[in-house]
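Step one of this worksheet: look at the structure below.
Each reported figure results from applying straightforward, stated rules to the coordinates on display, with no laboratory input. Small disclaimer: the values here were computed from a predicted structure and weren't measured. Note that we place each Cβ from the backbone using ideal geometry, even for glycine, and neighbour counts take in every protein chain shown.
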Amino acid sequence: MNTFSNPRPRLNHDVPHWIRESEEIFFVTVCSQERGSDYLTRAPVANALLETVQHRNKTGIWWCSAFVVMPDHVHGLIRFSSPQPMSRVMQLWKSWTTRSIGVQWQRQWFDHRLRGDEEWRKKADYLLNNPVRAGLVSDPLEWPWRFLAPR
């Protein structure tokens with residue numbers, strides 16, 4: 001039996017009933033279908049992705065405090081303010097970016113609920129320094145495909 005032919009089980013993004021998504025910040029990672037590609041950092045694609053993040057901030061669907069577009073994945077620090085569950089909000093975002101920008105996402109995505117300001121700072125540092133660790137720039141401020149919401 002080839003264990004690699006079995007698809008990965010679907011990740012559960014249900015938040016426990018005692019957690020209010022609108023009061024929590026989640027570290028979210030979404031990967032493109034083609035790992036190793038640079039498709040997401042092509043200027044029109046990266047700009048459009050950043051615009052979708054800012055649009056959702058303005059319309060109150062979510063509040064994303066930090067977001068980075070890497071060549072084959074994105075990271076965000078997001079508070080979900082929509083009455084819809086986080087899983088549905090992310091599904092709609094992925095569908096919209098597929099239809100309008102042409103991004104092909106992996107079915108799965110990852111989330112981690114942050115537990116306090118210190119964890120937020122660590123994840124924000126990780127997110128913003130991701131292009132440096134990947135050898136794409138030497139200073140995180142040189143990376144053009146990032147978004148930081150005003151505080």
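Key figures
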quantity: Charge context of residue 53, other residues only, Cβ under 14 angstrom, K/R +1, D/E -1; calculated: +4
quantity: Around residue 71: net Lys/Arg minus Asp/Glu count, Cβ-Cβ under 14 Å; calculated: +1
quantity: Å³ per residue enclosed by the Cα convex hull of segment 19-148; calculated: 100
quantity: Shape category assigned to segment 78-151 from the gyration tensor of Cα positions, a/c cut at 1.5; calculated: oblate
quantity: Residue-span extension gain [residue 136 to residue 120] - 0.36 nm each, minus C-alpha spacing; calculated: 3.4 nm
quantity: Sequence-distant lysines (8 or more away, or on other chains) whose Cα lies within less than 19 Å of residue 58; calculated: 94
